[in-house]
């Protein structure tokens with residue numbers, strides 16, 4: 001509230017101002033990235049990243065299939081073609097094996113992909129070493145979708161900083177929030193300068209309003225950036241809270257056969273566990289993911305299936321897909337459990353009781 005009140009008292013409510021500058025500094029410091037532009041949403045950040053990657057109508061852009069639609073929609077905004085890639089079973093993120101198959105397909109069609117969009121699903125880092133090696137082999141751009149993974153790290157390095165560009169989200173459901181908002185980060189200063197230009201309606205340097213290209217109203221307001229600055233001060237605490245919730249679920253479900261958690265494969269991975277997600281094996285448990293979800297709902301506890309893979313979405317019907325059924329299986333068996341940082345002891349007791357009852 002200190003930052004928000006300062007914006008109000010100085011009558012600096014509209015886009016830009018000290019909170020915007022301060023929020024960008026905080027993000028750069030936390031992620032150890034070179035440059036940052038805070039924007040109206042993570043989707044806006046990805047849209048601008050694709051424009052910066054020179055994506056044009058008919059181009060191919062490779063995208064992880066197991067993700068929220070906001071990872072893929074901006075590809076279509078630009079008239080490009082999403083090429084979806086299946087997950088690998090360890091992290092549930094983009095499969096390096098099928099990624100290379102997708103690239104070879106694009107090249108066989110006479111089109112080099114303009115970008116690869118890996119997603120750090122539910123805060124779990126993707127296999128960035130393998131992804132980077134493949135990108136370098138084919139000289140391809142990486143745009144990291146780190147919307148769900150702020151505070152997560154791979155080999156000690158913040159997610160979102162491995163590719164040429166990374167996008168963050170501060171939507172209302174994220175680990176910290178500005179109610180709505182996002183950011184584009186990069187070590188390339190020219191990319192962020194270009195982002196700011198496009199995000200403020202692409203106004204030319206002139207005393208009058210002059211525009212030589214299409215721009216967008218994508219900048220974050222000074223008020224919302226104030227919320228961001230305050231939230232950055234508690235981000236480490238929020239990550240620890242989410243990880244403790246994940247550990248709590250693991251403790252009381254450890255003896256239940258047929259329940260598997262999304263887990264860090266080894267010490268190279270540090271998830272923020274934005275959401276705790278499990279797989280439910282109906283052959284072992286005798287109940288399905290949907291049986292459990294409905295039982296929790298009956299107790300007024302919301303749980304949700306994993307993201308429905310993009311290649312199964314009606315809107316993307318016919319888009320190229322490369323995989324082996326992993327994401328379909330994850331969707332069929334996967335459930336996201338209540339993971340809010342502010343879960344009370346009473347609420348956790350209700351969840352534990354209802355969840356164990358649904359599993360028996």
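How many residues are closer than 28 Å to residue 305 by Cβ and over 17 Å from the mean Cα position of the chain (by Cα) if we restrict to region 62-79? Walk me through it before giving the result.
So in region 62-79, the residues closer than 28 Å to residue 305 by Cβ come out as 62-77.
Right, trim to over 17 Å from the mean Cα position of the chain (by Cα) and you get 76-77.
Residues flagged as closer than 28 Å to residue 305 by Cβ and over 17 Å from the mean Cα position of the chain (by Cα) within region 62-79 amount to 2.
Which condition does residue 171 not pass, out of (1) within 30 Å of residue 336 (Cα to Cα); (2) buried (at least 24 other Cβ atoms within 10 Å of the Cβ), if it passes all the others?
(2)
Which ones in region 14-32 are in a loop (DSSP other than H, G, I, E, B) and surrounded by 15 or more Cβ atoms within 10 Å (Cβ to Cβ)?
Within region 14-32, 16, 17 meet the criteria.
Specify the residue that is surrounded by the fewest Cβ atoms within 10 Å (Cβ to Cβ); the eligible residues are those in region 246-263 that are under 20 Å from the mean Cα position of the chain (by Cα) and not in a loop (DSSP other than H, G, I, E, B).
Of everything passing the filter in region 246-263, 261 is surrounded by the fewest Cβ atoms within 10 Å (Cβ to Cβ).
Given the condition surrounded by fewer than 24 Cβ atoms within 10 Å (Cβ to Cβ), within 21 Å of residue 311 (Cα to Cα), free of Cβ contacts under 8 Å to residues at least 40 places away in the same chain and in contact with a strand residue (DSSP E or B) (Cβ under 8 Å, 6 or more places away or on another chain), answer yes or no: does some residue in region 80-89 qualify?
For region 80-89, residues surrounded by fewer than 24 Cβ atoms within 10 Å (Cβ to Cβ), within 21 Å of residue 311 (Cα to Cα), free of Cβ contacts under 8 Å to residues at least 40 places away in the same chain and in contact with a strand residue (DSSP E or B) (Cβ under 8 Å, 6 or more places away or on another chain): present.
Given the criteria in contact (Cβ under 8 Å) with a residue 24 or more places away in the chain, part of a loop (DSSP other than H, G, I, E, B) and touching a strand residue (DSSP E or B) at 6+ places or on another chain (Cβ under 8 Å), does residue 144 qualify? Before the answer, list the steps.
Values: in contact (Cβ under 8 Å) with a residue 24 or more places away in the chain: yes; part of a loop (DSSP other than H, G, I, E, B): no; touching a strand residue (DSSP E or B) at 6+ places or on another chain (Cβ under 8 Å): yes.
No, not satisfied.
Pairs under 9 Å by beta carbon, first residue touching a residue at least 24 places away in the same chain (Cβ under 8 Å) in region 251-263, partner part of a strand (DSSP E or B) and exposed (fewer than 10 other Cβ atoms within 10 Å of the Cβ), six or more apart or different chains?
none
So which residues in region 265-281 are closer than 17 Å to residue 241 by Cα and assigned to a loop (DSSP other than H, G, I, E, B), if there are any at all?
271, 272, 273, 274, 275
Residues 297, 312: which one is surrounded by fewer than 18 Cβ atoms within 10 Å (Cβ to Cβ), at pLDDT 95 or above, outside the structural domain of residue 148 (by TED's automatic domain parsing) and out of contact with any helix residue (DSSP H, G or I) (no Cβ under 9 Å at 6 or more places or on another chain)?
It is 297.
Give the number of residues within region 217-245 that are part of a loop (DSSP other than H, G, I, E, B) and under 15 Å from residue 180 (Cβ atoms).
Number of matching residues: 2.
Do we have residue 335 as farther than 18 Å from residue 82 by Cα, within 26 Å of the chain's Cα centre (by Cα) and not in a helix (DSSP H, G or I) here?
On the way: farther than 18 Å from residue 82 by Cα: yes; within 26 Å of the chain's Cα centre (by Cα): yes; not in a helix (DSSP H, G or I): yes.
Answer is yes for this residue.
The values are calculated or read from the model by the stated rules, or taken from the named source; none is laboratory data. This one's a predicted model, so the numbers in the text were calculated from it and none came from an experiment. Reconstructed Cβ throughout: ideal geometry from the backbone, glycine too, with neighbour counts over all protein chains shown.
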